[in-house]
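K.L.:
Mind having a look at this structure? Questions to follow.
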Amino acid sequence: MHDFKYKNNKLFCEKVEVTKLARQYGTPLYVYSYSTLISHYLKLKEAFKEVNPLICYSVKANSNLSILKALVDKGAGLDIVSGGELFRAIKAGCPANRIVYASVGKTDGEIRVSIKRGILFFNAESLAELDNINRIAKIFGKTTNVTIRINPDVEPKTHKFITTGKITNKFGIDFETAAKIFAERKKFGNLRICGIHIHIGSQITETAPYVAAVLKVTDFIKRLKGQNINLECFNIGGGLGIIYDKENAQTAEKFAKEVLPLLKKTGLKIIIEPGRFIAGNAGILVAKALYIKSTPSKKFVIVDAGMNDLIRPALYEAYHQLLPLEQVKSREKEVADVVGPICESSDYFAKERLIPEVNAGEYLAVMGAGAYGFSMASNYNSRRRPAEVLVKGNKAFLIRKRESFLHLIENENLINL
Ligand code: PLP
């Protein structure tokens, strides 16, 4: 499932020893495996080949330009949610007609530039937004493609912060309002309302919620057909879960086996927007143990990476496997908290975890950090965001250098008051 493996007790990313990268580029350091990234993309493409889907990798998962380019070069499109992501998509060389744009809060400026660029379509999330896209397209004298993001009201059985397809969530439009929009679509003179989009949540490890959502949508498509409203595309979103711990995550094949027959019946162009499934297990965060601290109640391994570098444990109590870069088989195991240097008690990578004893100066890999890792990183505590390295075979490429102290203050004005 990924290309981070021990050889002679040393952790390798493909053919490169990770400790060498940690020494060369310093820590904290993100390390990505090209072969893992691309193989996940290809697995999904292969599993769904009967409908020849456009796979629009979700930029938010990991938006490094080299990651985007690697996928775009293999034929992927991109799913964006902001003007900044559109800028990245274009810089990475993604043809505009492979870009789809979701977000409940697209600004006029973001809509303008997307229309000018000629993106494949907007996934519209409210009536007010449809009116606005129509108004702006009219100013340009253009007709713009739009799909309606439907909120299918299903329970995806994932963390509540990453559930997006329940009717109480801010995302998408309910079926009845959507039916009205389709019936009155001629009102929007500068829009081609040509499809349906759903995205029910993230890190979903079961197929049943997808099947439930897709079934609701296919019924809706039939209902529209009965009214002579024929669609062109169905974007089923992303959300496929991966294995962080002991999840029984679905494979691309299992997912396709259940969902594909339903999709085939629609006869529509299928779009899929995976982020985590492609990038999650393709990356690790490497940290160095700074201090070992024993208190009357606990042992702490204090590392040089923090919640500003990888916020998932602090935000979702997410689990990440921790591995030493060098395995010493004779090491005793001990229960410890692995924590960062930040002034928050939520700044941790493991809590009361049984791990092989760690000494100060040794390196640890936080596994499964390729998605929602760097892209959610911040400068909190005035920490510089880490460097990122992409490994392909026996070569390692610095795809983002570590930020400098100057970067921390470059947009600030020092005012004498
Ligand atoms: N599509 C949309 C609209 C999203 O909001 C997201 C994530 O939030 C994704 C795709 C990607 O989700 P995931 O990384 O779980 O595949």
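The values are calculated or read from the model by the stated rules, or taken from the named source; none is laboratory data. Predicted model, so just to flag it, every value in this text is computed and none were measured. Neighbour counts run over all protein chains shown; Cβ positions are idealised from the backbone, glycine included. Only protein heavy atoms, including side chains, enter the accessible area calculation; ligands, DNA and RNA are left aside. Shrake-Rupley method; radii C 1.70, N 1.55, O 1.52, S 1.80 Å.
K.L.:
Go through the stretch 95-120 and give me each residue that's within 16 Å of the ligand (Cβ to nearest atom), open to solvent by 10 Å² or more (accessible area, probe 1.4 Å) and either part of a helix (DSSP H, G or I) or in contact with a Leu (Cβ under 6 Å, 6 or more places away or on another chain) (or both).
P.N.:
Correct list: 98, 110.
K.L.:
Follow-up question, since we're still on this one. Which condition number in (1) more than 13 Å from the ligand (Cβ to nearest atom); (2) in contact (Cβ under 8 Å) with a residue 60 or more places away in the chain; (3) not basic (Lys, Arg) is the one that residue 123 fails?
P.N.:
Every listed condition holds for residue 123 apart from (1).
K.L.:
Please identify the pairs in which a residue from the stretch 365-385 that is free of Cβ contacts under 8 Å to residues at least 40 places away in the same chain has its Cβ atom under 7 Å from the Cβ atom of a residue that is part of a loop (DSSP other than H, G, I, E, B) and small (Gly, Ala, Ser), counting only partners at least 6 apart or on another chain.
P.N.:
As it stands, the answer is 384/404, since those pairs meet every condition given.
K.L.:
Does residue 332 meet the test of being among the acidic types (Asp, Glu) and buried (at least 18 other Cβ atoms within 10 Å of the Cβ)?
P.N.:
So residue 332 fails the test.
K.L.:
I need a count of the residues in the stretch 20-60 that are under 18 Å from residue 236 (Cα atoms), hydrophobic (A, V, I, L, M, F, W, C) and part of a helix (DSSP H, G or I).
P.N.:
Looking only at that region, the number is 5.
K.L.:
Tally time: how many residues in the stretch 264-318 are within 16 Å of the ligand (Cβ to nearest atom) and of a type outside the set (D, E, K, R)?
P.N.:
17
A quick yes/no check of all residues on (1) modelled with pLDDT under 95; (2) within 16 Å of the ligand (Cβ to nearest atom); (3) part of a helix (DSSP H, G or I):
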site	(1), (2), (3)
131	no, no, yes
136	no, no, yes
146	no, yes, no
157	yes, yes, no
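K.L.:
What pairs can you find where one residue is in the stretch 61-77 and over 16 Å from residue 96 (Cα atoms), the other is within 13 Å of the ligand (Cβ to nearest atom) and of a type outside the set (Gly, Ala, Ser), and their Cβ atoms are less than 7 Å apart, with a gap of 6+ or different chains?
P.N.:
Filtered contacts from the stretch 61-77: 61/276; 61/372; 63/85.
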